[in-house]
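Asks: Let me begin by handing over the structure; questions about it come next.
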Amino acid sequence: QVQVVESGGGLVQAGDSLRLSCVASGRTGSGYHIGWFRQPPGKEREFVATINWSGDSTIYANSVKGRFTISRDNAKRTVDLQMNKLKPEDTAVYLCAAAAQGTGVTTQDYDYWGQGTQVTVSS
């Protein structure tokens, strides 16, 4: 079993930066691929970024490419999502998820989910 906990959300203004952190703990937490998803108000959950277990392969959604950076520190079992140049349309609950098999871009690819952290970007 892997426990996933997000932190770092908050209220910021358009153009600001925010850094989210995800801690994956458990028997083999550091061996999991980690993805970030978000769920805007009234909308479905959508893919944001993912990183493989070794940290040398990443995938980003087109909507965040060039603005967001995903990274991981396996010694600390953390995966961070650095979000720059935030826009009001980035407002959502951001969720971290762990996958045993690969760095997928759909919710079905992930086995364990955190509760989410709210990010609100005002215009």
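Asks: How many of the residues in region 62-81 are polar (S, T, N, Q), farther than 15 Å from His33 by Cβ and either more than 12 Å from the chain's Cα centre (by Cα) or at pLDDT below 95 (or both)?
Replies: Total meeting the criteria: 2.
Asks: Being under 20 Å from Leu20 (Cα atoms), open to solvent by 50 Å² or more (accessible area, probe 1.4 Å) and over 12 Å from the mean Cα position of the chain (by Cα) is the filter here; which residues of region 82-105 pass it?
Replies: Matches in region 82-105: Asn84, Lys85, Lys87, Pro88, Glu89.
Asks: Taking region 35-57 on its own, how many of its residues are open to solvent by less than 60 Å² (accessible area, probe 1.4 Å) and not small (Gly, Ala, Ser)?
Replies: Within region 35-57, residues that are open to solvent by less than 60 Å² (accessible area, probe 1.4 Å) and not small (Gly, Ala, Ser) number 9.
Asks: With the requirement that a residue be under 17 Å from Leu20 (Cα atoms) and among the polar types (S, T, N, Q), what does region 42-78 give you?
Replies: Once the filter is applied, which keeps residues that are under 17 Å from Leu20 (Cα atoms) and among the polar types (S, T, N, Q), region 42-78 yields Thr50, Thr58, Thr69, Ser71, Asn74, Thr78.
Asks: Run down Val23, Val64 and say which single residue is aliphatic (A, V, I, L, M) and more than 21 Å from Gln115 (Cα to Cα).
Replies: It is Val64.
Asks: Is it the case that Gln1 is modelled with pLDDT under 95 and open to solvent by 20 Å² or more (accessible area, probe 1.4 Å)?
Replies: Criteria met by Gln1.
The values are calculated or read from the model by the stated rules, or taken from the named source; none is laboratory data. Computed from a predicted model, the values in this text were never measured in an experiment. Counting neighbours? That spans all protein chains shown, and the Cβs are built from the backbone with ideal geometry, glycine included. For accessibility, only protein heavy atoms count, side chains too; no ligands or nucleic acids. Shrake-Rupley method; radii C 1.70, N 1.55, O 1.52, S 1.80 Å.
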